[in-house]
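Novice: Structure incoming, see below.
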Amino acid sequence: MGRMSPAIENSAVPAGQAVANDYDGFAEAYAAETEANLINGYYTRPAILDLAGDVAGRRILDVGCGAGPLLAALREKGAIVTGVDPSVKMLDLARQRLGEGAALHQAGLGGAPLPFPDGAFDDAIVCLVLHYLEDWKAPLADLRRVLAPGGRLIVAVNHPLVYKLLYPDAGYFAIREYSEDYTFSGQSAVLTYWHRPLHAMTDAFTAAGFRIAVISEPRPAPGAHELFPDLLKEADSTMLCFLFFVLEAV
């Protein structure tokens, strides 16, 4: 659910201020902000849908589903969707969008195993989630477990190059923690991430039993330049700070 900010401040958060990654604390503000903004509405979500392709009849797990906009889009395309998120309030918003009968579960990566049997899904989508985790080994193994043979894992993460561009004095090759301050619909929030170099990502994917089918740095969706001309006036901004992977379970 997280996103990279155009301007990042990497500073300690004083006691009494917003708790890092507390999506329950800003769920409604985040959902309103990201419904149709550039980063989520016109970049990461359309890119994920494009990479997923024809999903009719496919069993798809959305990890970190938030308020459910991606689940809704996948369901409209004929997918059989299930969503998990650690935030109770985000899941409440997703139920309002998808209906009480929607398959939604409070769960996440990095803790207890996902509450599904082996091979339960044809695809798993993990959009802007893995970069919150220091250790990818157990989460990726669990994602591989719940995928059917030949299933796909579609991932979007903060682009590792952007961290080095923003923090030129920081080492690129170390796995490092950093935090960003955000304002979602007027509400302050702090998100804490883990930078990892590209080779650490690809090594983790292959070690977990995935074959890398696609690495993508897509352009924004049609209409983005007309709606967000100031944000997209520089050529380099078309990358928008994210890296996408399609991985196949082997």
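The values are calculated or read from the model by the stated rules, or taken from the named source; none is laboratory data. Please read all numbers here as calculations on a predicted model, not as lab measurements. In this analysis, Cβ positions are derived from the backbone assuming ideal geometry, glycine residues included, and neighbour counts consider all displayed protein chains. SASA here: full protein model, heavy atoms, side chains in, ligands and nucleic acids out. Shrake-Rupley method; radii C 1.70, N 1.55, O 1.52, S 1.80 Å.
Novice: Using the Karplus curve 6.51 cos²θ - 1.76 cosθ + 1.60 with θ = phi - 60°, work out ³J(HN,Hα) for each residue of the stretch 26-32 in order, rounded to whole Hz, and write x for Gly and Pro.
Specialist: Ordered by residue, 3J(HN,Hα) equals 9, 4, 5, 5, 5, 4, 5 Hz.
Novice: For the stretch 150-221, what mean projected area does the convex hull of the alpha carbons give, in nm²? Please report the intermediate quantities before stating the final value.
Specialist: Numbers: hull surface 28.0 nm².
About 7.0 nm², averaged over all directions.
Novice: Let me ask something else about it. Using the Kirkwood radius over Cα pairs, work out the Stokes-Einstein diffusion coefficient for the chain at 37 °C and 0.692 mPa s, in µm²/s as a whole number. Mind dumping the intermediate values first?
Specialist: Details: Rh = 18.4 Å.
Here the translational diffusion coefficient equals 178 µm²/s.
Novice: Binning at 5 angstrom from zero up to the longest distance, how are the C-alpha pair distances of the stretch 54-188 distributed in percent?
Specialist: For the stretch 54-188, the binned pair fractions read 2, 9, 17, 20, 19, 14, 10, 6, 2, 0, 0 percent.
Novice: Which of 115, 160, 168 moves the most in a Gaussian network model of the chain with Cα springs under 10 Å?
Specialist: With Cα springs under 10 Å in the chain, the top fluctuation among 115, 160, 168 is at 168.
Novice: A follow-up question, please. Of all DSSP beta bridges located in the chain, what percent are antiparallel, nearest 5? Before the final figure, lay out each step's value.
Specialist: Working: 22 of 42 bridges.
Close to 50 percent.
Novice: To the nearest 10 Å², what's residue 172's accessible area with a 1.4 Å probe?
Specialist: 60
Novice: Just add up the charged neighbours of residue 150: K/R +1, D/E -1, any other residue whose Cβ is under 15 Å from the Cβ of residue 150.
Specialist: Details: positive: 58, 59, 144, 145, 152, 211; negative: 118, 122, 123, 248.
So the environment of residue 150 carries a net charge of +2.
Novice: Can you order the peptides 34-47, 197-210 by their average number of other Cβ atoms within 10 Å per residue, highest first? Each step should come with its number before you reach the end.
Specialist: On the way: 34-47: 20.0, 197-210: 16.4.
Result, highest mean Cβ count within 10 Å first: 34-47, 197-210.
Novice: Continuing with this model, one more query. Compute the length gained on full extension between residue 105 and residue 141: take 0.36 nm times their separation in residues and subtract their Cα-Cα distance, giving the result in nm to one decimal. Walk me through the numbers on the way to the answer.
Specialist: Numbers: separation 36, 0.36 × 36 = 12.96 nm, distance 1.94 nm.
11.0 nm is the gain from fully extending residue 105 to residue 141.
Novice: Just from its helices, what would the mean residue ellipticity at 222 nm be for the chain, if runs of 4 or more DSSP H residues each count -39500 (n - 2.57) and the sum is divided by every residue, rounded to the nearest 500 deg cm²/dmol? List each step's numbers first, then the result.
Specialist: Working: 8 runs with 66 residues, N = 250.
One gets -7000 deg cm²/dmol as the mean residue ellipticity at 222 nm.
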